[in-house]
Amino acid sequence: MRSRQALALGALLVAIGAVVLVLSTLCKGSTTLSCGDVTWVNKSCFKVGAPGILCVSSNASIPNLKEVKPPATCRGGVAYVIRKPGEYCIQQSFRTLPSIKLCTIKEMSGTELAVWVSSSLMVISGLILLYRYITREEGDGVKEEYVVGDGRITCRARSLTRHECRIAGVGDRSPEIIRTISEYLRSALNYRVRDLQEGYAILERGSALGFGRKPVTLLIHAKDNDIILEYSVAPLQASGLYDLREFAEELNLLFENSALRDLLNSSSGKPSE
């Protein structure tokens, strides 16, 4: 399967599976307990056939059972936890037997279970296809590390959405280099400069609404003798190693077509090993 087809199919499977999961959950409603009457043995004892929550209409005391907060299904009264089937008795005597219902967890029907399993498998399959697309190396030649700019710039993937490029050995020229990089990215690659100071810069590109280029935030700052560029890609639009390759190519063009080359060649630092 070609990479673009895998991407489209993976995204489609995740979207459809997620929608079906949400709808099937909403259609079940808020009630999670199914309640029914107990079987009375005599005027004070009754039988239950399964563990659950015992809903009692009046303040009846039932020995050896733990009282809990009544769920909405009980509609008032008191509630007790039934941990095992058996016969239970109330301590008080009542002229009229109190209403006692046993509420058990509502189980999925066979159809509901099949829908849930199928949609879950769709989501998992889609995520696997997307992961394989994002991390694949054959054909498109993506890598986990790029060295560009005559060996002065090294870019590495930190995660699916985060990448780091390091410009080695800038010495005391870091403020000027940060300004040069910011101006090139603004004028040539349509980044927006959100904040520019002597020791750092924050740039953005793309739209949070998903129009045009994918949203990217870039922090540029000096560390030790290097300049660090930290890229953060919007999670829902991240392409992993493909994003890393794009950032490395941008910086290589910057190095070749701006004043950055001269600044680095004249800096007092030396490239890191």
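The values are calculated or read from the model by the stated rules, or taken from the named source; none is laboratory data. From a predicted model like this one, the values you see are computed outputs, not experimental measurements. All Cβ positions, even for glycine, are placed from backbone atoms using ideal geometry, and neighbour counts span all protein chains on display. Side chains are part of the model used for accessible areas, which takes the heavy atoms of the whole protein and leaves out ligands, DNA and RNA. Shrake-Rupley method; radii C 1.70, N 1.55, O 1.52, S 1.80 Å.
Observations on the model:
- With DNA, RNA and ligands ignored, accessible area of L160 (1.4 Å probe; Å², nearest 10): 80 Å²
- Summing charges over all other residues whose Cβ lies under 13 Å from the Cβ of Q237, with Lys and Arg as +1 and Asp and Glu as -1, gives +1.
- Set K43/K69; K43/K101; K66/K101 screened for pairs whose C-alpha atoms are more than 20 Å apart: K43/K69
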